[in-house]
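Undergrad: Before I ask anything, here is the structure I am working with.
The values are calculated or read from the model by the stated rules, or taken from the named source; none is laboratory data. Since we're looking at a predicted model, the values are computed, not measured. Don't worry about glycine lacking a Cβ; one is built from the backbone with ideal geometry, like all the others, and counts go over all protein chains shown.
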Amino acid sequence: MDPEHSALSVQPGIDAPPSVSAAQARRFREMRRRDPAPEEFVERILAGDRAMLSRAITLIESLLPRHQDAAQRILEGCLPHSGDSLRIGITGVPGVGKSTFIEALGMHLIEDREQRVAVLAVDPSSQLTGGSILGDKTRMERLSANERAFIRPSPSSGSLGGVTRRTRETVILCEAAGFRNVLIETVGVGQSEIAVASIVDFFLLLMLAGAGDELQGIKRGIIEMADMMAINKADGNNLDRARAAQAEYRAALRLFPPSASGWKPRVLTCSAQENTGIAEIWDGIVEYHRLTSRNGYFAERRLAQLIDWLEAAVETGIADAYRCDREVTVRREALLKEVLEGEVSPSKAAAILVDLFLGKLPRPTPQPGPGEGGAP
């Protein structure tokens with residue numbers, strides 16, 4: 001059959017336009033050809049370069065040992081330029097509309113308050129594959145397209161507390177890049193969510209009305225640490241239920257002891273979809289900042305956060321060193337086989353591995369290779 005008259009022949013079409021501009025593509029190729037020095041990272045971050053900020057965060061989140069030195073130098077260069085921001089943790093039950101709310105709040109800060117905002121969105125990682133969807137940029141279309149906003153979705157990678165293992169460091173870089181409002185969207189409500197309190201200045205708990213017994217639907221510890229509760233989706237037929245839930249939460253909060261900050265937690269209603277109540281929530285956050293700055297609680301909390309950061313960094317460093325210890329890895333494989341065969345208990349195997357890691361047990365002597373004095 002003549003190829004020109006075959007239905008299977010490829011017909012000429014139009015060339016697809018490039019997905020990025022030629023200038024952007026050239027700049028990306030230049031960046032990929034060389035690995036910028038830490039000093040260049042810091043300089044570009046301080047200038048507000050969002051692309052370089054994103055690359056620096058990727059470097060800090062890396063588990064590769066060869067990236068750690070550069071990551072620490074970048075962090076130390078940015079640290080003196082950080083701290084001048086409001087760090088706000090936002091959490092809520094699944095389906096409460098965290099992403100929609102954060103986009104509404106972010107656009108309010110940009111358009112009405114003329115401020116810049118960074119969003120650190122933590123997505124839960126799969127316990128089976130370790131993968132994560134990281135779809136927050138898709139859900140926050142308007143905010144992600146705005147030049148005054150920076151959205152960084154990161155996988156939780158098994159970390160508890162609704163944050164990643166490097167969230168604190170990421171906050172420092174965002175502040176150095178000039179973002180005076182850092183919103184941290186956490187994985188969800190749970191007992192381990194309390195860990196986020198050691199990172200943020202203000203904790204906002206989003207709730208739904210009409211989803212069951214409101215006061216039993218969340219942990220007491222979450223309510224105790226919340227500086228504000230917002231009943232989202234307070235619109236349409238759900239408005240009356242939202243107001244009823246608001247009254248219930250206000251009554252419940254009266255039973256809690258006074259906060260050390262001197263702030264009385266508030267319960268507000270809002271609709272991120274209809275953009276109502278967002279300004280009132282932000283006004284409350286600003287009022288909290290003003291009050292705690294005057295009475296010294298804000299500075300005291302920041303100092304406590306540095307201590308928590310130190311302790312968390314020590315724990316992370318020990319865990320990383322343990323995982324990278326070759327002798328421990330080899331011994332672990334052997335012990336794991338014994339555990340599975342019932343020859344040794346998991347607790348006993350763990351004690352052996354810990355003692356080996358801490359140097360309390362003799363490590364195997366390296367065997368000489370060919371030409372190193374060993375047998376021919």
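Undergrad: Surrounded by fewer than 18 Cβ atoms within 10 Å (Cβ to Cβ) and either of a type in the set (Ser, Thr, Tyr) or at pLDDT 80 or above (or both): is that true of Ser125 in this structure?
TA: On the way: surrounded by fewer than 18 Cβ atoms within 10 Å (Cβ to Cβ): no; either of a type in the set (Ser, Thr, Tyr) or at pLDDT 80 or above (or both): yes.
Answer is no for this residue.
Undergrad: How about region 83-115: which of its residues are in a loop (DSSP other than H, G, I, E, B) and out of contact with any Leu (no Cβ under 8 Å at 6 or more places or on another chain)?
TA: To start, the set of residues in region 83-115 that are in a loop (DSSP other than H, G, I, E, B) comprises 83-85, 93-97, 113-115.
Within region 83-115, Gly83, Asp84, Ser85, Pro94, Arg113, Glu114 meet the criteria.
Undergrad: Working carefully through the options Glu76, Glu4, Glu61, find the one that is acidic (Asp, Glu) and modelled with pLDDT of 90 or more. Step through it out loud before you land on a result.
TA: Details: Glu4 fails: modelled with pLDDT of 90 or more; Glu61 fails: modelled with pLDDT of 90 or more.
It is Glu76.
Undergrad: What residue, among those in region 189-222 that are modelled with pLDDT of 60 or more and part of a loop (DSSP other than H, G, I, E, B), is farthest from Phe41 (Cα to Cα)?
TA: Residues of region 189-222 that are modelled with pLDDT of 60 or more, as a first pass: 193-210, 220-222.
Still in the running and part of a loop (DSSP other than H, G, I, E, B): 199-201, 208-210.
Values: Ile199: 24, Val200: 25, Asp201: 27, Leu208: 42, Ala209: 46, Gly210: 49 Å.
By that ranking, first place goes to Gly210.
Undergrad: Which one of the conditions (1) modelled with pLDDT under 90; (2) more than 26 Å from Glu61 (Cα to Cα); (3) not hydroxyl-bearing (Ser, Thr, Tyr) does Ala313 fail to meet, given that it meets all the rest?
TA: (2)
Undergrad: Going by what's in this entry, would Gln68 be described as in a helix (DSSP H, G or I), in contact with a Ser or Thr (Cβ under 9 Å, 6 or more places away or on another chain), over 23 Å from Asp201 (Cβ atoms) and not charged (D, E, K, R)?
TA: Details: in a helix (DSSP H, G or I): yes; in contact with a Ser or Thr (Cβ under 9 Å, 6 or more places away or on another chain): yes; over 23 Å from Asp201 (Cβ atoms): yes; not charged (D, E, K, R): yes.
Against the criterion (in a helix (DSSP H, G or I), in contact with a Ser or Thr (Cβ under 9 Å, 6 or more places away or on another chain), over 23 Å from Asp201 (Cβ atoms) and not charged (D, E, K, R)), Gln68 qualifies.
Undergrad: So Ala299 passes all but one of these: (1) of a type in the set (Gly, Ala, Ser); (2) surrounded by 14 or more Cβ atoms within 10 Å (Cβ to Cβ); (3) closer than 18 Å to Leu79 by Cα. Which condition number does it fail?
TA: Here Ala299 clears every test but (2).
Residue-by-condition table, conditions (1) in contact with a strand residue (DSSP E or B) (Cβ under 7 Å, 6 or more places away or on another chain); (2) at pLDDT below 90; (3) among the charged types (D, E, K, R); (4) assigned to a loop (DSSP other than H, G, I, E, B):
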residue: Ala247; (1), (2), (3), (4): no, no, no, no
residue: Glu274; (1), (2), (3), (4): no, no, yes, yes
residue: Trp282; (1), (2), (3), (4): no, no, no, no
residue: Ile285; (1), (2), (3), (4): yes, no, no, no
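Undergrad: Another one. Let me confirm something: among Gln305, Gln273, which residue is within 25 Å of the chain's Cα centre (by Cα) and outside the structural domain of Ala244 (by TED's automatic domain parsing)?
TA: None of the other options fit; the residue is Gln305.
Undergrad: Kindly indicate whether any position in region 331-346 is basic (Lys, Arg), at pLDDT below 95 and not in a helix (DSSP H, G or I).
TA: no
Undergrad: In region 299-347, which residues are of a type in the set (D, E, K, R), touching a residue at least 40 places away in the same chain (Cβ under 8 Å) and either touching a helix residue (DSSP H, G or I) at 6+ places or on another chain (Cβ under 8 Å) or farther than 12 Å from Ser198 by Cβ (or both)?
TA: Going residue by residue through region 299-347, those that are of a type in the set (D, E, K, R) are 300-302, 308, 311, 315, 320, 323, 325-327, 331-333, 337-338, 341, 343.
From what is left, the residues that are touching a residue at least 40 places away in the same chain (Cβ under 8 Å) are 301-302, 308, 320.
If the condition is that a residue be of a type in the set (D, E, K, R), touching a residue at least 40 places away in the same chain (Cβ under 8 Å) and either touching a helix residue (DSSP H, G or I) at 6+ places or on another chain (Cβ under 8 Å) or farther than 12 Å from Ser198 by Cβ (or both), then Arg301, Asp308, Asp320 are the ones that fit.
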